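**Student:** Quick one: the structure is below, and I'll ask about it shortly.
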Ligand SMILES: [Zn+2]
């Protein structure tokens, strides 16, 4: 089972201020997209995507490792957006 970045690590939504954001994974047959989504206002963070066919995973565990890293990147981007909130 893949355990993505702790949801508690996500800062409140920079748009609505609610702590209702989650890291989501959209998976297709040849690619996955990971991003932070706010369930309160629908805001979406930067999409961290990977296309499997362009990469070569010797074992499935590498995909899991990649997904954890991508989840972390998506969360990090979301939290940085919070800090750079526009006036
Ligand atoms: Zn929001």
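Readers should treat all values here as calculations from the given coordinates under stated rules, not as data from a laboratory. What you see is a predicted model, and the numbers here were worked out from it, not measured in a lab. Neighbour counts are summed over all protein chains in view; Cβ atoms, including those assigned to glycine, are modelled from backbone coordinates with ideal geometry.
**Student:** Return 25, 36 ranked ascending by Cβ neighbour count within 10 Å, so the fewest neighbours appear first.
**Tutor:** Numbers: 25 15, 36 27.
Sorted ascending by nearby Cβ count, the order is 25, 36.
**Student:** Arranged by the count of other C-beta atoms within 10 angstrom, fewest first, what order do 40, 71 take?
**Tutor:** 40, 71
**Student:** Using mean Cβ contacts within 10 Å as the protection proxy, how do 9-15, 41-47 order, highest first?
**Tutor:** Highest mean packing first, the order is 9-15, 41-47.
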